[in-house]
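Novice: Take this structure first; my questions come after.
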Amino acid sequence: MDGGSWIAEVLHRQGVQFLFTLCGGHISPILVGAKRRGIRVVDVRHEANAVFAADAVARLTGIPGVAAVTAGPGLTNTITAVKNAQLAQSPLVLFGGATATVLRGRGALQDIDQMALMRPHVKWAVSVRRVRDLVSTVEHAFQVAQAGVPGPVFVEVPVDLLYSAEVVKSWYGAKSKPGRSPSVQERAMSAYLDFHTWRLFAGAEGQEVRVPPVIAVPEPEHGAIRRAARALAKAERPVLLVGSQAMVSAREAAEVARAVEALGVPVYLSGMARGLLGANHALQLRHGRRNALKGADLVILAGVPADFRLEYGRHIPTKATYVAANRSLEEMQRNRRPDVAAHCDAGRFLRALARESPGGGRWERWLEELRAGDNAREAEIAHKSAPAAELVNPLDLFRQLDPLLDGDSVLVADGGDFVGTSSYTLRPRGPLTWLDPGVFGTLGVGAGFALGAKLCRPSAETWIIYGDGSVGYTLPEFDTFVRHQIPVIAVVGNDACWSQIARDQVEMLGDDVGTPLARTDYHRAAEGFGAVGIEIRSHAAIASGIAEAKAAARAGRPVLVNVHLAGTDFRKGSMSM
């Protein structure tokens, strides 16, 4: 087998179903080998989206997503997506092609120091030097990606390790002019290349592809569970925050949900944990988190860091007992040291705490107090959702869309102001049905995330909530959706502006420079790629437009709904630092 086939064999054994890529000669044998083993090869229009798609697969399945890109600019195009995966703690394996081993540093096409470029952004970066090391290296890459704090891994594979020995020998064969004997230098070079080629392939056929080992999940130490349970037993006003890291073991999401229910603590869900308890669970609160924390005497962060979203820990009262569970010791201790620290998987922590604690139902009065604040905010949002005199109020749009979502709908968030508004109104229906970039706040995740999500859950409606700024990053991927028959529904909030920035910039600096956009016909651009385009310009057109989009997706066609928005100050002052 050639090197690409060896890699594909490992991917197959690891349970990989999808390989995301943008083709290149450096990596072609990996793609062909994967296809021959029944792995679906999905080619995109920008390498970043291959990594975003792999990231989504990892989040929804717990199996590392896989992408392969060509050397040089093919790899540099992935940096933002790789960094996003690192900060979101998503396990994925990225293969990068590289120039032939014998041509390093000699001015070969796309030859750069890729290892120096990638090391800061991944858990592990490795460059394979011999074909016989491919299997063991890739197997180890999968283990590293999943162990401890999950994250991306980079495997660089020079092109002469991927093609067959016969092909590589033909590349390196000595070429002398007919009728002329090779010179001493040519004979020496030929001998060196023969030896180099022999060394590349020596022992390659002795590789063994192993059954993947079970990756140990970091379990909570029982002492930490006992201390947390004692603190919970004393608490009169506890608040639980559950974040993305509690969902790392995707197959255990239902058990985590049952644990949260059993604890009976008022809970706020963020990131990948949105939807964990369904759309309207009695314990779940959606608004007023800062006020809830301010009044709490016990705060539990399960897979949630005390970063800018919690004002670097200042949202947690000094008088409150602070309990934290996190796979990352550094993240758990940053900004504010917990009174009870559980260095472990946050989902396993919640399950163990539910077994140890006396059970829920003790904080009804506290929950009613928080629920009253939640209901007041809902009433305020409802008041602000009145139809706009012209164009569409985004709150009105989302309040009409929410009840029309299917029970298994997956929501992909890619934008600023428009997506922020959606988070107040759209209710994910179940565990692992909300995908956002995470702490990096990356724009441009929409198409890649939706691609990975729809492939993992082909029967589920998959929605992209796009701002008109963010859609510009990945609009050409509608070509990918059409070619690969991926019927996603994209909703673009078109207010002709980078509103989240403009709103504060104009007020503070008196200038909108750099923030205006145009009311572009994004739906027509999607139609140009073969998708269905729908335009909504009024309150009256919302219901019919959504119904048309859902019908088109059911028929197997991707859809872009271009919604022209009226101005709003709903999220004024929302810029984060």
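Novice: Taking the Cα centre of the chain as origin, sum charge times position over the Cβ atoms of Lys and Arg (+1) and Asp and Glu (-1), and report the length of that vector in debye to the nearest 20. The partial results should precede the final answer.
Specialist: On the way: 64 positive and 58 negative charges, 261 e Å.
It works out to roughly 1260 debye.
Novice: Let me ask another. Any chance you could give the angle, 0 to 90 degrees and rounded to 10, that helix 346-356 forms with the longest Cα principal axis of the chain?
Specialist: Value to nearest ten degrees: 50.
Novice: Moving on. Please list 3J(HN,Hα) in residue order for segment 517-533, calculated via the Karplus relation 6.51 cos²θ - 1.76 cosθ + 1.60 where θ = phi - 60°; whole Hz, with x for glycine and proline.
Specialist: In residue order, the calculated couplings are 10, 10, 7, 5, 7, 4, 5, 6, 4, 5, 4, x, 8, x, 8, 8, x Hz.
Novice: Quick one: 3J(HN,Hα) in Hz for segment 357-372, Karplus 6.51/-1.76/1.60 with θ = phi - 60°, rounded, Gly and Pro as x.
Specialist: Going residue by residue, I get 7, x, x, x, x, 9, 10, 4, 5, 5, 5, 4, 4, 5, 5, 4 Hz, with x marking Gly and Pro.
Novice: Next question, about the same structure. Rg over Rh of segment 3-206, using C-alpha atoms and the Kirkwood radius, what does it come to?
Specialist: On the Cα set of segment 3-206, Rg over Rh gives 1.02.
Novice: Another question, if that's okay. Just to confirm the number: angle between the C-alpha axis of helix 3-13 and the first principal axis of the chain, 0 to 90 degrees, nearest 10?
Specialist: For helix 3-13, the angle is close to 40 degrees.
Novice: Tell me which residues come under 5 Å, amide H to amide H, from E221 once H is placed; ignore anything under 5 positions away on its chain.
Specialist: H343
Novice: To the nearest Å, what is the center-to-center distance of segment 235-272 and segment 66-120, using C-alpha atoms only?
Specialist: 36 Å
Novice: Step through the residues of segment 277-293 one at a time and calculate ³J(HN,Hα) from phi using the Karplus curve (6.51 cos²θ - 1.76 cosθ + 1.60, θ = phi - 60°), rounding each to whole Hz and writing x for Gly and Pro.
Specialist: Here the 3J(HN,Hα) series is 9, x, 7, 9, 6, 4, 7, 7, 10, 10, 10, x, 4, 4, 5, 4, 5 Hz.
Novice: While we're looking at this one, here's another question. Which trypsin sites (Lys or Arg not before Pro) does segment 84-141 hold that lie in a coil by DSSP with at most 11 other beta carbons within 10 Å? Don't jump to the answer; show the numbers that get you there.
Specialist: Details: sites: R104, R106, K123, R129, R130, R132; in loops: R104, R106, K123, R129, R130.
Of the trypsin sites (Lys or Arg not before Pro), the ones in loops of segment 84-141 whose Cβ has at most 11 other Cβ atoms within 10 Å are R106.
Novice: Which one, I27, G151, Y192, is farthest towards the positive end of the dipole of segment 3-206 when Lys and Arg carry +1 and Asp and Glu -1 on their Cβ?
Specialist: Y192
Novice: Please give the per residue volume of the convex hull enclosing the alpha carbon atoms of segment 222-371, rounded to a whole number of Å³.
Specialist: 94 Å³
Novice: Of all beta bridges DSSP finds with both residues in segment 385-564, what is the antiparallel percent, to the nearest 5? Before the final figure, lay out the partial values.
Specialist: Numbers: 1 of 25 bridges.
Antiparallel: roughly 5 percent of the beta bridges in segment 385-564.
Novice: Report, as a whole number in µm² per second, the diffusion coefficient that Stokes-Einstein gives for the chain at 10 °C and 1.306 mPa s using the Kirkwood radius over alpha carbon pairs.
Specialist: Working: Rh = 25.5 Å.
Rounded to a whole number, D works out at 62 µm²/s.
Novice: Also: Quick check: Cα centre of segment 1-46 to Cα centre of segment 343-410, how many Å?
Specialist: The distance from the Cα centre of segment 1-46 to that of segment 343-410 comes to 41 Å.
Novice: Which pairs, out of K384/K550; K35/K454; K83/K123, put more than 21 Å between their alpha-carbon atoms? Walk me through the numbers before you get to the answer.
Specialist: On the way: K384/K550 26 Å; K35/K454 19 Å; K83/K123 11 Å.
Violating the 21 Å limit, Cα to Cα: K384/K550.
Novice: Using 0.36 nm per residue of separation minus the Cα-Cα distance, give me the extension gain between E236 and K294 in nm, one decimal.
Specialist: Extra length from E236 to K294 when fully extended: 19.5 nm.
Novice: Looking at segment 451-523, which trypsin sites (Lys or Arg not before Pro) are in a loop (DSSP not H, G, I, E or B) and have at most 16 other Cβ atoms within 10 Å?
Specialist: In loop regions of segment 451-523 (DSSP not H, G, I, E or B), the sparsely surrounded trypsin sites (Lys or Arg not before Pro) are R519.
Novice: Can you pull out the GluC sites (Glu not before Pro) in segment 198-274 that DSSP calls coil and that have at most 10 other Cβ atoms within 10 Å?
Specialist: Of the GluC sites (Glu not before Pro), the ones in loops of segment 198-274 whose Cβ has at most 10 other Cβ atoms within 10 Å are E208.
Novice: Further, regarding this structure: Taking 0.36 nm per residue of sequence separation and subtracting the Cα-Cα distance, how much length would be gained by fully extending the chain between A147 and V32, in nm to one decimal?
Specialist: My answer for the length gained is 38.5 nm.
Novice: Another question, if that's okay. With a 10 Å radius around each residue's Cβ, average the other Cβ atoms per peptide and rank 150-159, 370-379, highest first.
Specialist: Sorting 150-159, 370-379 by mean packing, highest first, produces 150-159, 370-379.
Novice: Would you grab the residues whose amide H sits under 5 Å from the one on L565? Only those 5+ places off in sequence or on another chain, please, with H modelled 1.01 Å from N.
Specialist: V392, N494, D495
Novice: Sticking with this structure for a sec: Under 5 Å between amide H atoms, partner at least 5 residues away or on a different chain: which partners does V488 have, H built in plane at 1.01 Å?
Specialist: Amide H to amide H, under 5 Å and 5 or more residues apart or across chains, V488 pairs with V559.
Novice: While we're on this one: Can you give the FRET efficiency to the nearest 0.05 for N375 and I501, using r as the Cβ-Cβ distance and R₀ = 25 Å?
Specialist: Rounded to the nearest 0.05, the efficiency is 0.20.
Computed from the coordinates by the stated procedures, all read-outs in this text should not be read as laboratory data. Model, not experiment: these values are computed from the prediction. Cβ coordinates were reconstructed from backbone atoms using ideal geometry, including for glycine residues, and neighbour counts include every protein chain displayed.
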